[in-house]
Amino acid sequence: MNLPRQALTLVVLASLLLFGVADAQAAQAKAAFDPDKMADMSDFDPNKPVIPTGDTIKIAVVASFSGPAAVVGQIYFISVQWAAHDINKRGGIMVDGKRKLVEVIKANHASQPAETKKVAERMVLQEKVNVLWGTDGSHLMKIINQVADKYKVIAQSASALSDELYDTTNFSRYSFMSSFSTEQIGRAIGFYYGKIRKKEKKFYILGQDYLFGHSLADGFKKGLKEYYPEATLLGEDYHPLFMKDFAPYLQKIKASGAEVIFTGDWIPDAENLLVQARQMGIKLPFANLFLDEPNMLHRVGVDGTTGLVHVSQYGAEGGAFKTPGQIKAYKAWNTLWKTKWGPPYNTRLYEHGTGNIGSYIQQTYWLLSVIERAGSTDPEKIIKVWENDSYQLLNGKVLTMRSCDHKAIQDLHVEEYVPPAKQRESFNIPPYFWYEGTSSVGPSVAIPARYVLPKMDKSLARCKDKSEAGE
């Protein structure tokens, strides 16, 4: 199609305005993950990790390595250790005049607040770690941040998502939120249904009854009000963590006439919720954050997972694999999964190394890049580099660290789950599907960062008169 120069200019400008945020940011990123520099990862085995000791850069993964959410600790460990193994095989990082390897330490909080404080302090005072990396549970990340602030150690919130962690009451200049946050997630879903999909109008919120669950719901309600005012919220309920019986909640939802259920439930709650909903004959789509665990999805099957709507911080429109480097990195992981890893890392959960796992890996590379560019493990030097830093991930996305409150600005993606035959739109290399036994990512749309900027607490003195778009 040949367009007049003026018309072509308008098309280009419109594309940049609507979908070009990531490309524009990428051109300005201060650092990037380069797959061409990846080491030979063929000896990587999460069950037999090669972990250096001695004078190292120490990262404590503070997470649930036991208890009902132990699988989450497994996910975090393989993600952080993958990045550390790669950097170590390249020879480590030059810091403080020495080339040092990266040591990853498991710090089990067992999903308990008292244990979180205890183990985080032990990591700092006895293990002398440089970074506290966490965690599953915003209420627990709050404790980690308090420990980091008290002892002046860097904390990275790679998976705890509540905006309140970085408000005027809880902010610590030693902690950085490299993940997306609850208000961004909720507003992205509101934008998707109100500005892109424009079909369903009746919603029901079901969430976990703690800081994260309520914060996420607040973000979704704000998103509906902002981008879909004609929508109706028919109800909202909150349940205790690690529920077994969701029937009372699901019966209320079924009777309400809702067209979509919005939830941020994570495993094991996510599995129990979805499985029980389908067993009760509730076929409503879930707009969700963590209903993406593939073993769970296979237990539900193709029909029961078709139509799920997932918001992702590690998505991509137009296919997940656009460059030789992306394919190289993917195959390095997937080949090991097929040929080398034993339980629990040989299940479908770890097959692709994308999605949340891909995000955790890349967030860890960002941390290590910041340390390398700071040339030091001195927290003050790390803070100086990380504030207002920008980093391009393997999938092309750029994260920018807002300096005043340490939250990451980024595009998000909303993905629709479709049967295997339609997954080619996302899995655009052979075999052209993510999974045969379940629906998975198909069409994916970008939500530009400017529509989902992280919530900023203007009462935080550092953020007074600052723009949400950063400096």
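Listed values, structure above:
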| item | result |
| --- | --- |
| Residue within segment 87-102 that is within 26 Å of A316 (Cα to Cα) and either in contact with a strand residue (DSSP E or B) (Cβ under 8 Å, 6 or more places away or on another chain) or modelled with pLDDT of 95 or more (or both) present | yes |
| Qualifying residue in segment 371-393 (condition: closer than 30 Å to P285 by Cβ and in a loop (DSSP other than H, G, I, E, B)) | yes |
| Matching residues in segment 436-456 - criterion: being hydroxyl-bearing (S, T, Y) and touching a Phe, Trp or Tyr at 6+ places or on another chain (Cβ under 9 Å) | T438, S439, S440, Y451 |
| Qualifying residues in segment 431-467 (those that are free of Cβ contacts under 8 Å to residues at least 24 places away in the same chain and not assigned by TED's automatic domain parsing to the domain that holds P420) - the one surrounded by the most Cβ atoms within 10 Å (Cβ to Cβ) | K458 |
| Selection within segment 28-57 - under 30 Å from G470 (Cβ atoms) and modelled with pLDDT of 95 or more | A29, K30, A31, A32, F33, D34, P35, D36, K37, M38, I57 |
| Residue check for P68: outside any helix (DSSP H, G or I) and in contact with a Pro (Cβ under 8 Å, 6 or more places away or on another chain) | yes |
| Unique residue being in contact (Cβ under 8 Å) with a residue 24 or more places away in the chain, under 24 Å from A160 (Cβ atoms), in contact with a Ser or Thr (Cβ under 7 Å, 6 or more places away or on another chain) and not aliphatic (A, V, I, L, M) when the list is E387, E415 | E415 |
| Flag if D405 is in contact with a Cys (Cβ under 9 Å, 6 or more places away or on another chain), more than 17 Å from S312 (Cβ to Cβ) and not hydrophobic (A, V, I, L, M, F, W, C) | yes |
| Filtered residues of segment 321-350 (kept if touching a helix residue (DSSP H, G or I) at 6+ places or on another chain (Cβ under 6 Å), without any contact (Cβ under 8 Å) to a residue 60 or more places away in the chain and not hydrophobic (A, V, I, L, M, F, W, C)) | T347 |
| Residue in segment 53-84 that is nearest to L140 (Cα to Cα), counting only those that are touching a strand residue (DSSP E or B) at 6+ places or on another chain (Cβ under 7 Å) and surrounded by fewer than 16 Cβ atoms within 10 Å (Cβ to Cβ) | S66 |
| Members of segment 227-254 found to be under 14 Å from I205 (Cα atoms) and part of a loop (DSSP other than H, G, I, E, B), listed by number | A231, F246 |
| Odd one out for D237, checked against (1) under 14 Å from A277 (Cβ atoms); (2) without any contact (Cβ under 8 Å) to a residue 24 or more places away in the chain; (3) not aromatic (F, W, Y) | (2) |
| Qualifying residue in segment 174-181 (condition: buried (at least 24 other Cβ atoms within 10 Å of the Cβ), more than 23 Å from I447 (Cα to Cα) and touching an Asp or Glu at 6+ places or on another chain (Cβ under 8 Å)) | yes |
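The values are calculated or read from the model by the stated rules, or taken from the named source; none is laboratory data. The structure displayed is predicted, hence computed values, not measured ones. Glycine also receives a Cβ, built like all others from the backbone with ideal geometry; neighbour counts cover every protein chain displayed.
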